[in-house]
Amino acid sequence: MGVRHYNPDDNVLIAMGITVKEFAKGSFIKASWSEDDFVTEQGHHGSIIRAKVPNAIVEVTCTLMQGSPSNEELSNARNSDYRDGAGAAAGSIVDTNGTTSLSAPTTYVKKMPDLGLGSEVEAVEWTFIFAGVGDAVIGTNRLV
């Protein structure tokens, strides 16, 4: 029995065609599906039915260091998209040392992050919509 090796540096986030860099400490990428996969109903006499819910929208949040150059790149892409709708592009999340993967043909900024300036460095939290997500794998890591 081996030990699985996880390295946070092996996680790659591409949003709006931009490879995002310099994540903050802690949990720095989170993906949340917008809907349940199925809804279940029970009839008056006890019969049960489930219905598949089309669920191709994933909200992805990432936390960057305040000094990350990706903040400016994402701001510019968001501003372009907001102005003329031309900033949306493909995106993905991949663990290059494992099997975790998620991709979408269209990604865009949900809203500009909050701006926090003060005597201490603050993290910047970006939220993206990944639209058209197909199969996604919440995977594992290689054995060492």
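What follows is calculated from the coordinates using simple rules that are stated; it is not laboratory data. Predicted model, so just to flag it, every value in this text is computed and none were measured. Methodologically, a virtual Cβ is constructed for each residue, glycine included, from the backbone with ideal geometry; neighbour enumeration extends over all protein chains shown.
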*Between 36, 95, 81, find the one with the highest GNM mean-square fluctuation for the chain; connect C-alpha pairs within less than 10 Å.*
36
*How high is the relative contact order of the range 103-144, given as a whole-number percent (alpha carbon pairs under 8 Å, six or more residues apart)?*
49 percent
_For residue 87, residues with placed amide H under 5 Å, excluding near neighbours_ = 81
_Please enumerate, by chain and number, the lysines with C-alpha under 26 Å from the C-alpha of residue 25, excluding those fewer than 8 residues away in the same chain._
110, 111
_With an 8 Å Cα cut-off and a minimum separation of 6 or more residues, compute the relative contact order for the chain in percent._
31 percent
*Under unit Cβ charges (Lys, Arg +1; Asp, Glu -1), what dipole magnitude, rounded to 20 debye, does the chain have relative to its Cα centre?*
260 debye
*Distance histogram in 10 Å bins (all Cα pairs of the range 1-98, percent per bin)*: 13, 31, 26, 16, 11, 3, 0
*Computed helical MRE - 222 nm, the chain, DSSP H runs ≥ 4 contributing -39500 (n - 2.57), nearest 500*: -3500 deg cm²/dmol
*asked:* Let me spell out the model: positive unit charges on the Cβ of Lys and Arg, negative unit charges on the Cβ of Asp and Glu, origin at the Cα centre of the range 49-122. What dipole size does that give, in debye rounded to 20?
replied: 520 debye
*asked:* Quick check on the exposure proxy: order 106, 100 from fewest to most C-beta atoms within 10 angstrom.
replied: 106, 100
*GNM result for the chain, Cα springs below 10 Å: residue of 75, 32, 47 fluctuating most strongly*: 47
